[in-house]
Amino acid sequence: MLLIKNAFLYDPASGTEGQTDLLIRDGRFSRIAPQIDPDGSGPLQIIDAAGLCAAPGLIDTHAHFRDPGFTHKEDIHTGALAAAKGGYTSVILMANTKPVIDSVPVLTDLLARARQERIHLYSCANVTLGMQGRETVDFDALAAAGAAGFTDDGVPVMDAALLEHALQAAVRLDLPVSLHEEDKNLIAQNGINGGGPAAQALGLTGSPREAEITLIRRDVEMAVQAGAPLCIQHISTAEGVDLVRQARKQNPRIHAEATPHHFSLTEDAVLRCGTLAKVNPPLRTETDRRAIIEGLANGTIDIIATDHAPHADNEKAQPFVQAPSGMIGLETAFSLGLKNLVQPGHLTMRQFLACLTCNPADFYHLDAGRVAEGAPADLVLFDPEASWTVQKPFASRSSNSPFLGETLPGVIRYTIAGGEVVYER
Ligand code: DOR
């Protein structure tokens with residue numbers, strides 16, 4: 001049994017905000033009340049959380065653990081450790097591994113290994129076989145094997161007929177299809193905002209905003225027609241946010257993710273941090289960053305997802321065009337949200353935490369994201385007044401972060417998954 005005393009609880013699902021004690025028994029919250037005293041009914045660990053805030057364990061719907069195939073960057077275990085350190089207790093993995101997650105045996109093997117970890121790990125399966133965009137996967141078999149949703153994240157689904165097929169499966173199976181929206185026919189070099197000052201300085205044409213806008217326009221229209229649960233991944237343009245806002249009026253099952261890097265940085269970061277700020281879709285303008293924040297504030301975007309994309313130092317050390325896109329995010333996401341969303345007053349703490357807990361849980365049907373008696377005891381305890389400096393070593397196997405050296409607010413003190421302390425600082 002675990003007794004947490006004197007925490008200030010934020011539970012966005014119920015709207016609870018206030019001082020409370022929480023008793024955890026057999027992996028679940030057994031009592032939540034202003035004052036709980038030990039009753040001597042068994043061995044008990046007590047955490048005095050005076051001065052700390054509590055929230056449901058965070059949920060990331062978009063992380064790359066690179067397992068199988070690229071485990072020199074990350075594996076299931078190091079990814080889970082990075083997640084726990086960042087306050088996450090549930091993570092949905094992306095499917096651009098090697099082999100990719102397009103068949104039941106690969107998914108089954110991954111999920112079996114994921115169950116050995118101390119936080120809850122789920123995985124998407126692909127939309128198309130081999131992520132080649134030519135033929136769809138067996139959606140029903142993969143759903144039966146436990147796929148959390150379907151995605152070819154990393155590459156767009158260019159063929160509208162295949163996407164139509166996927167959206168029908170999404171409706172039938174009630175599982176999200178999530179899409180990387182960058183029309184590759186419009187991209188000269190990826191990872192940098194097309195036409196912007198950073199691209200100009202590097203002599204590159206880059207990935208123009210139209211590459212995202214055209215695909216989002218096509219795909220939200222298709223999802224409206226199909227009534228399908230659709231996720232627009234890592235949205236990067238103001239026009240994209242507006243398209244999602246309009247489409248959600250007709251189909252509220254359309255959702256969008258904002259990443260911490262897209263709400264924290266602009267393309268200028270490429271000039272400061274080089275390949276560490278190379279990411280797909282690219283960091284764009286201050287107007288786009290503000291539109292994403294506004295979208296989070298008004299509920300157009302209701303999921304914050306990390307797109308945790310580890311890469312090895314020697315890979316990121318290559319010239320800009322050759323270096324892979326992506327940055328790690330699990331260990332910095334929470335603090336970046338406090339710094340860039342909550343502290344400036346764009347979002348309340350409750351709104352911010354909803355984007356990291358009950359909103360993604362509802363969309364992906366996870367039994368998580370709420371602090372209530374009987375619910376799984378997934379919890380994060382954090383100190384909102386303390387700060388820390390982003391530095392190596394990370395719990396992640398990789399350290400490709402453009403935030404290295406920055407001092408950020410908010411320190412995760414405890415992460416508790418299934419009633420067990422899985423991270424403590
Ligand atoms: O920058 C990115 N890196 N964006 C993606 O969508 C994929 C990711 C990766 O897998 O490295």
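The values are calculated or read from the model by the stated rules, or taken from the named source; none is laboratory data. Worth saying up front: this structure is predicted, and the values here are computed from it rather than measured. Counting neighbours? That spans all protein chains shown, and the Cβs are built from the backbone with ideal geometry, glycine included.
Of note:
- Residue count, the range 133-175 (criterion: within 16 Å of the ligand (Cβ to nearest atom) and part of a loop (DSSP other than H, G, I, E, B)): 9
- Being away from the ligand (no atom under 16 Å from the Cβ), at pLDDT 95 or above, small (Gly, Ala, Ser) and crowded, with 20+ Cβ neighbours inside 10 Å is not true of Ala125.
- All conditions but one from (1) within 10 Å of the ligand (Cβ to nearest atom); (2) surrounded by fewer than 19 Cβ atoms within 10 Å (Cβ to Cβ) apply to Gly326; the one that does not is (2).
- If you go through the range 209-235 and pick out every residue that is assigned to a helix (DSSP H, G or I) and of a type outside the set (A, V, I, L, M), you end up with 9.
- The residues of the range 36-57 that are in contact with a Pro (Cβ under 9 Å, 6 or more places away or on another chain) and either at pLDDT 95 or above or buried (at least 20 other Cβ atoms within 10 Å of the Cβ) (or both), listed by number, are Ile46, Leu52, Cys53, Ala55, Pro56, Gly57.
- Figure legend. Inter-residue proximity from the range 221-232: first residues touching a residue at least 60 places away in the same chain (Cβ under 8 Å), second residues outside any helix (DSSP H, G or I) and among the charged types (D, E, K, R), beta-carbon distance below 6 Å, spacing 6+ or different chains. Indicated pairs: Pro229/Arg253.
- Verdict on Ile92 being surrounded by 22 or more Cβ atoms within 10 Å (Cβ to Cβ), in contact with an Asp or Glu (Cβ under 9 Å, 6 or more places away or on another chain) and β-branched (Val, Ile, Thr): yes
- Just one of the listed residues (Phe263, Phe363, Phe320) is closer than 28 Å to Asp183 by Cα, assigned to a loop (DSSP other than H, G, I, E, B) and either at pLDDT 95 or above or not small (Gly, Ala, Ser) (or both), namely Phe320.
- In the range 369-425, the residues that are outside any strand (DSSP E or B), of a type in the set (Ser, Thr, Tyr) and crowded, with 23+ Cβ neighbours inside 10 Å: Ser396, Ser398, Ser401
- Test: residue in the range 98-119 that is more than 16 Å from the ligand (Cβ to nearest atom) and closer than 17 Å to Cys231 by Cα: no
- The strands (runs of 3 or more DSSP E) located wholly in the range 6-104 that include 3 or more residues which are of a type in the set (A, V, I, L, M, F, W, C) occupy 16-25, 28-33, 53-56, 58-63, 88-93.
- Just one of (1) out of contact with any Asp or Glu (no Cβ under 6 Å at 6 or more places or on another chain); (2) crowded, with 19+ Cβ neighbours inside 10 Å fails for Gln233. It is (1).
- The range 170-229 - residue that is among the acidic types (Asp, Glu) and within 23 Å of Thr128 (Cβ to Cβ) and, of those, surrounded by the fewest Cβ atoms within 10 Å (Cβ to Cβ): Asp174
- Test: Val244 is part of a helix (DSSP H, G or I) and either closer than 26 Å to Leu338 by Cβ or modelled with pLDDT under 95 (or both): yes
- For the range 272-298, the set of residues classified as outside any helix (DSSP H, G or I) and either among the hydrophobic types (A, V, I, L, M, F, W, C) or free of Cβ contacts under 8 Å to residues at least 12 places away in the same chain (or both) consists of Val279, Leu283, listed by residue number.
- When Ser236, Ser264 are screened for being within 16 Å of the ligand (Cβ to nearest atom), touching a Pro at 6+ places or on another chain (Cβ under 8 Å) and not hydrophobic (A, V, I, L, M, F, W, C), only Ser236 passes.
Residues are listed down the side, and each one gets a yes or a no for (1) over 28 Å from Ala148 (Cβ atoms); (2) in contact with a strand residue (DSSP E or B) (Cβ under 8 Å, 6 or more places away or on another chain):
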| residue | (1), (2) |
| --- | --- |
| Val321 | yes, no |
| Ser325 | no, no |
| Ile328 | no, yes |
| Glu331 | no, no |
| Gly345 | yes, no |
| Arg350 | no, yes |
| Cys355 | no, yes |
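- Here Asp183 does not qualify as more than 16 Å from the ligand (Cβ to nearest atom) and among the charged types (D, E, K, R).
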